Each structure stands twice: as structure tokens, then as C-alpha cells.
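Colleague: What follows is a single structure, and I will ask about it in a moment.
The values are calculated or read from the model by the stated rules, or taken from the named source; none is laboratory data. Since we're looking at a predicted model, the values are computed, not measured. Cβ coordinates were reconstructed from backbone atoms using ideal geometry, including for glycine residues, and neighbour counts include every protein chain displayed. Areas reflect the complete protein model, heavy atoms only, side chains present, ligands, DNA and RNA absent. Shrake-Rupley method; radii C 1.70, N 1.55, O 1.52, S 1.80 Å.
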Amino acid sequence: MPKATTESSGAHPGGTWRLVNGPRPALSERVGRLVGLRVLRFPGSRGVLVVAGTMDRLHELLPQPRALAPTSRARIVVVYWRRPRKAWSGRIGPVDYLIRQRVALPRLGRGTATVRLRLGEPLPLREVLRGAMHALAPTLPLPAPVSANLTSQGGTPAYLPTQLGAAVVTDALPLSTDIRAHDVVLRHPGVTAADGPADERPYAVAVPTSRHGVQTPGGESVVLVDARWINPRGRRGGSYRPEAGTVRLDLEPTGRPARRPRAESDRRLLGGSGLDATTLATLRQVSLVECPPLTDERPFDTAALLVQLAMTGAVLRVPALPPRVAELVAPELRAVLATAPPVDDPLALEARSVRQRRAAMRGHAAGFALPRVAADALPELNRPPSVSAILATRRPEMLAGAVRAMIDQTYPELEIILCLHGIDLPAEVATMLTESGRPYEIVRVPGTTGFGAALGEATRRARGSLVTKFDDDDSYGTEHVWDLVLARHYSGATLVGKGTEFVYLETLGVTVRRPSGVPESNGEMVAGGTMLLAKGDLEAVGGWRPVPRSVDYGVIERLRRDGAVIYRTHPLGYVYHRRESGHTWDPGQQYFLDTAFARWPGIPAEAFANPVSDEAGPGSANLGMALETAGPVTEGATSRLS
């Protein structure tokens, strides 16, 4: 932890927490700690200079009260910045009254980035920052056919600092005679509402809010987190190995005299600002967070801290949750935390991390949980974005297993688009689709049609806001589509996918794991059988190229040329299959053996990171191909290759 002036000892009326035994920080974090976050206002003007060590520290400013001060001239400096991709152009986002702008990025793609803006009329610094951050990081929201306008009254909650369309007012709600002024109003403590009859209110629903959550109209408290800020970005595969290390969560209950920490920034108020940039940088490098026995004192603040920690992907080892804390944690996350982490198996520990972050985001990410809070008044909002899963094939023998993998996905808003490329639909598959309960579309194209054109015809028929591609000869976990949608949400990237780290060699009956890009980071490529992007973004670059092969590379190349950001999430849930022949790119089986760092007989169950309830592989159907073809699903630890 960074050195600074020490706190005076004494009681902390709100309780405090800190992480102990953190690893040595990386270079970017050392720069970030040295620079910190500084906001300087120029006397007699509405000009401001913001200097942040890293983008994470710039994010910290958005929910702070000082971000609401009016500003007409701003210079924003990020000392350690990295471009999201090679063709990043640094375009400013929409800002009212903007009359002058300048973006200066480092020549080599890493270094100091500066954004200058001048406005004709003053705006809150928060609005200026949001426009500037468009020039520094990807910010695409999840597509939605309908969504609410959010208004935070009386302050800015920490869980929604970057939400597009969210307004912040410090006093009375603005009214409109033309349209309902507000859809969902988040009211902070101390705000008095002079509401009239229901048909005269300027909003659809108003809920009391605190810094880290809301109270539903039924009186239930809900912990919320901004997943665009707190997420597993930056977690590497090495963070699950034994040498990655463990940190300890140290809690000081309310009113207890605090031990004197090394530095003032070591200890933070429970229920205060939550995780900061320093804590996030620490959690990206460690495998485990050891939690102390918890009490029912300040249950909401304790639950909010646990949820934020879980969302980073660092595995929590938590004693039994006190009842008042447990009832504030989503049931799925509560079930994950109730099991002991498998610390002796890196793959099993990684799968636990994936289940934990997945449960935390589905249950507590504001983008998914806040619509549930307003569901009584606005039920049409309580649905995640629709996804069309596209499968184009000319191999009828592969159809049953591939379609079963799509049907068994846990994602609720999933449409199946099956493109029959010169083949007929087997009766078995027709029955599976009819009985699945999912919407589906059968697209038939002649066998002479190029593969890219066939995918284009399937995409034309897709009705989902997002589209993803399945391959007929690979294996998928049941949570695969959810993983992609969550990554699209917290990355803000145009295209998300997974790497081909797990490769099943059919002739040998073994699965190997090999390096395949950097997980949880921006990159240049993802596996073609895992791509997910908005249908509009795909069509905006021209869609699929009408070529007979390498269609995945063709569309990725178009996206890169258009400046799209590509994000690679964790590799679990997807196993790439290598057959004896028939591949466009075929370096030979030995290539995969030589580049592997682990292998298993069959396919290890943990490679799919399915929910624990079906981890054993409830029938081979869940695993993409029929496993009598793919080989057995196995338990057990990693075997190292010499």
C-alpha cells in the first residue's frame, strides 16, 4: 500500500476496512499512486485542471460531489494511459455547448494523454468528464429497444457514475409540459418530495437511494454496483496459480478503536466510496481474499463491500454470512460464497472466480439489477438485451450436439438461427427445436453459396439486438452467452469473445491448454466461434464478406479497420476442437502439444465453468458436441507438460 501521512488513532463511527499483504504494484499502479487524483480550480474563472495517474483514478472522480461544480474550460490529463487499440482516434463524446476541443495522445500508444475542452456555457464537470472519457476509453452501452431515463436527485450514487442518459439534480426536479420529464428517480437522503397525484408526477417511479444501493417500493434493500468501473478487467491467468498470493480483508467494527495503519489510504470507511483504484489494482493480481468472521453490524455496508470484491474476480473465502448480510446478497452469489474455494487446483479456482463474478454481476450490476427494482412500474424494462445465436453448417452429423448446446444456454433472451447450408433438417433436430421453448428460425441456402454469404443470410433473419456465432464442431458451457453479454457490458467494446486456450485433440482424446492472447483485456482477435456484437455494428461495417473461408477473420478485419475495440474475456466455457483433417489452418497436432502448458484426458468439467448444479455434465448435451464424439468429461487437477 502507498506511503502517506498516518491516521490519528481513535474510534471510527462508521467502521473501516483495508486489504493487508498486497503484492508489489505494477509500473502503471506505481505511477497511479504517485500522481493520485488532483482537481485544481482557477480562481475567478470556471476553469479546472484534472490530473489523474490512471484511467481508474479518473473514474473515481465521477460520483464525487466536486464533479457537480460548473465548468466552462477543462484540461484533463491522464499520466499513465494506454490506447485501447492501434487505430484508436480519440474522438470526444457529445458535450453541450462545446466550442473548442483538443486531444493529445502519446506517440507510442502509452504515456500521458491530454484532453482540453472549452464550452460556451458552463456544465457540471461530470458532464465534461463523460465527453472527455469517450476520447480515452471505449464506452458503448448495451443495445436496448427500450430503456429508462434516470435522474439522481440530491447527489450521485457510486453505482451509476457512467450511466448514459443519467442526469443529476441537486434540488427540485425539472418539469416538462411535452413529455414525462423523468422515468426513474433516485432520491438521496435529505431530499423532500412534493409529489402530486400519480397522473401529475414528473416521473414513473421514484426510489430512495444511498451511495451503494436502493430501496424498492416494497421496502427491500438492494445492493448495486457500477460494473463498468468494478469488474474483472486486467485479471490474468497467472492470478489463479498458488504463487499469486492472498490478501486479507481487515474490518474494524463501528466504534472500536482502530489500530494505527501504515498509511491513511490503507483504511477506508465501511459504506464510504467503496473500492478505489489502488484496491482494484491489488485485486487484479491476487488469487484469494481471506475474509474475517462477519457480524450483523452495518449489514448493508458489509454486503456492498463483499459484492464489490466478488465482482473483480478475486476469489473470496468467506465464513458463514450473518443472516442480515446474507439476505442482501443475491441468492446465486450467496450459494457460490457458501462453498470453500478449491485452492489446490488452478483451473478449479479459475472456474470458481468466473462463477463468482458472473453471479455478482447478474445479481448486483446496476445495468441488470436496477430495471428489476422498477419492474412493477416499468415491467418492459426488466429484460436483458436479446441475442440471436447463429449456426451455419453443412454437416448434418454435427447438428444435434451443436443445437443442444444452443438450447441449453442459460441466457433467457436467446433466439436460435439455424442456417442449413445445402443440407436438410434432421427430424431429431426439428423435434429438439420445437420442444425447446426458444424462438428459432430455419434458414436454407444452397450448398453452392459461399460460407460468408450464408452467414449474411442468417444474420438478415436475426431479430436480436446482439448476435453471436456458434461453430458446429466446438464445445460450449451452458453460461457461455451470459459470459459474452456481461463482458460486452463492462468492457464497452464493439466486439467481445474468448480465446482458443482450451483445445480438444480428437485423435488423441486429450484437452490441452495453451496461451492465446491476454484474457480480460482489449486485443486484436478473438475465436470466431465466440464472437458477440450488436447486429447494427456488424451491418454498419458491411457485415460478413462473401468469401468461402476465413469469414471470421474477414469481419474482424472490417471491424478493426473501422476503429472498433475488441475485448477478450476469460476463456472458460469454450473448447476448440481439432480433428484429423478438414481445417482451413492446419499447423499439425504437434503444434498444439508443443505450445501447451497443461493437458487432461477427455475434457475437464471445470473448463466449462457451468453452474455447480450441472458441473458433472448432465448428459453430454450441455457440452456442445455429443461427448461420445468429443470424449469424456473428466474431473481432476492439471497435468503439466514437460
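Colleague: Can you confirm whether the stretch 89-107 contains a residue that is touching a residue at least 24 places away in the same chain (Cβ under 8 Å), within 26 Å of Leu280 (Cβ to Cβ), buried (at least 22 other Cβ atoms within 10 Å of the Cβ) and out of contact with any Cys (no Cβ under 6 Å at 6 or more places or on another chain)?
Modeller: No, every residue in the stretch 89-107 fails to be touching a residue at least 24 places away in the same chain (Cβ under 8 Å), within 26 Å of Leu280 (Cβ to Cβ), buried (at least 22 other Cβ atoms within 10 Å of the Cβ) and out of contact with any Cys (no Cβ under 6 Å at 6 or more places or on another chain).
Colleague: Check Gly274, Gly238 and return the single one that is under 21 Å from the mean Cα position of the chain (by Cα), modelled with pLDDT under 95 and on the phi > 0 side of the Ramachandran plot.
Modeller: Gly274
Colleague: If we keep just the residues of the stretch 312-336 that are out of contact with any Lys or Arg (no Cβ under 6 Å at 6 or more places or on another chain) and open to solvent by less than 10 Å² (accessible area, probe 1.4 Å), which is nearest to Thr569 (Cα to Cα)?
Modeller: Among those that are out of contact with any Lys or Arg (no Cβ under 6 Å at 6 or more places or on another chain) and open to solvent by less than 10 Å² (accessible area, probe 1.4 Å), it is Thr312.
Colleague: Kindly indicate whether Ala148 is at pLDDT 90 or above and either more than 18 Å from Pro63 (Cα to Cα) or open to solvent by 20 Å² or more (accessible area, probe 1.4 Å) (or both).
Modeller: So Ala148 fits the description; yes.
Colleague: Which condition does Ala340 not pass, out of (1) free of Cβ contacts under 8 Å to residues at least 40 places away in the same chain; (2) open to solvent by less than 30 Å² (accessible area, probe 1.4 Å); (3) assigned to a loop (DSSP other than H, G, I, E, B), if it passes all the others?
Modeller: It is condition (2) that Ala340 fails.
Colleague: While we're on this one: For Glu397, state whether it is open to solvent by 10 Å² or more (accessible area, probe 1.4 Å) and farther than 29 Å from Thr449 by Cβ.
Modeller: no
Colleague: From Thr459, Thr511, Thr494, grab the single residue that is under 20 Å from Gln409 (Cβ atoms) and of a type in the set (S, T, N, Q).
Modeller: Thr459
Colleague: Determine whether Glu350 is modelled with pLDDT of 95 or more, within 24 Å of the chain's Cα centre (by Cα), surrounded by fewer than 20 Cβ atoms within 10 Å (Cβ to Cβ) and part of a helix (DSSP H, G or I).
Modeller: Taking the combined requirement at face value, the residue does not satisfy it.
Colleague: On to the next question. Could you say which residue among Val575, Val541, Val551, Val547 is of a type outside the set (S, T, N, Q), under 24 Å from Arg394 (Cβ atoms) and either at pLDDT 95 or above or touching a His at 6+ places or on another chain (Cβ under 7 Å) (or both)?
Modeller: Val575
Colleague: Another question about this same structure. On the given criteria, is Ala430 of a type in the set (Gly, Ala, Ser) and open to solvent by less than 10 Å² (accessible area, probe 1.4 Å)?
Modeller: Spelling it out, it is not the case that Ala430 is of a type in the set (Gly, Ala, Ser) and open to solvent by less than 10 Å² (accessible area, probe 1.4 Å).
Colleague: Would you check if Arg75 is surrounded by 15 or more Cβ atoms within 10 Å (Cβ to Cβ), among the basic types (Lys, Arg) and at pLDDT 95 or above?
Modeller: Criteria met by Arg75.
Colleague: Identify, please: which residue in the stretch 539-581 is free of Cβ contacts under 8 Å to residues at least 24 places away in the same chain and assigned to a loop (DSSP other than H, G, I, E, B) and is, among those, least open to solvent (accessible area, probe 1.4 Å)?
Modeller: Val541
Colleague: Among the residues of the stretch 77-87, is any within 18 Å of Asp56 (Cβ to Cβ) and among the hydroxyl-bearing types (Ser, Thr, Tyr)?
Modeller: For the stretch 77-87, residues within 18 Å of Asp56 (Cβ to Cβ) and among the hydroxyl-bearing types (Ser, Thr, Tyr): present.
Colleague: Please go through the stretch 39-66 and give me each residue that is open to solvent by 30 Å² or more (accessible area, probe 1.4 Å) and of a type in the set (S, T, N, Q), ordered by number.
Modeller: Scanning the stretch 39-66 gives Ser45, Gln64.
Colleague: What helices (runs of 4 or more DSSP H) lie completely within the stretch 370-470 and have 2 or more residues being in contact (Cβ under 8 Å) with a residue 40 or more places away in the chain?
Modeller: Helices (runs of 4 or more DSSP H) meeting the threshold: 396-407, 451-461.
Colleague: Right, another one. Exactly one of these conditions fails for Ala377: (1) more than 28 Å from Arg599 (Cβ to Cβ); (2) open to solvent by less than 10 Å² (accessible area, probe 1.4 Å); (3) out of contact with any helix residue (DSSP H, G or I) (no Cβ under 7 Å at 6 or more places or on another chain). Give me its number.
Modeller: Of (1) more than 28 Å from Arg599 (Cβ to Cβ); (2) open to solvent by less than 10 Å² (accessible area, probe 1.4 Å); (3) out of contact with any helix residue (DSSP H, G or I) (no Cβ under 7 Å at 6 or more places or on another chain), only one is false for Ala377: (2).
Colleague: Residues of the stretch 23-75 being of a type in the set (Lys, Arg) and free of Cβ contacts under 8 Å to residues at least 12 places away in the same chain, which ones?
Modeller: Once the filter is applied, which keeps residues that are of a type in the set (Lys, Arg) and free of Cβ contacts under 8 Å to residues at least 12 places away in the same chain, the stretch 23-75 yields Arg24, Arg30.
Colleague: I've got another one for you. Tell me which of these Gly536 doesn't satisfy, since it passes every other one: (1) touching a Ser or Thr at 6+ places or on another chain (Cβ under 9 Å); (2) outside any helix (DSSP H, G or I); (3) open to solvent by 20 Å² or more (accessible area, probe 1.4 Å); (4) more than 25 Å from Met311 (Cβ to Cβ).
Modeller: (2)
Colleague: Among the candidates Val485, Val512, single out the residue that is within 28 Å of Trp600 (Cα to Cα), modelled with pLDDT of 95 or more, open to solvent by less than 10 Å² (accessible area, probe 1.4 Å) and not basic (Lys, Arg).
Modeller: Being within 28 Å of Trp600 (Cα to Cα), modelled with pLDDT of 95 or more, open to solvent by less than 10 Å² (accessible area, probe 1.4 Å) and not basic (Lys, Arg) holds for just one of Val485, Val512, which is Val512.
Colleague: Also, quick follow-up: Ala69 - would you say it is farther than 17 Å from Leu129 by Cα and open to solvent by less than 70 Å² (accessible area, probe 1.4 Å)?
Modeller: In short, no.
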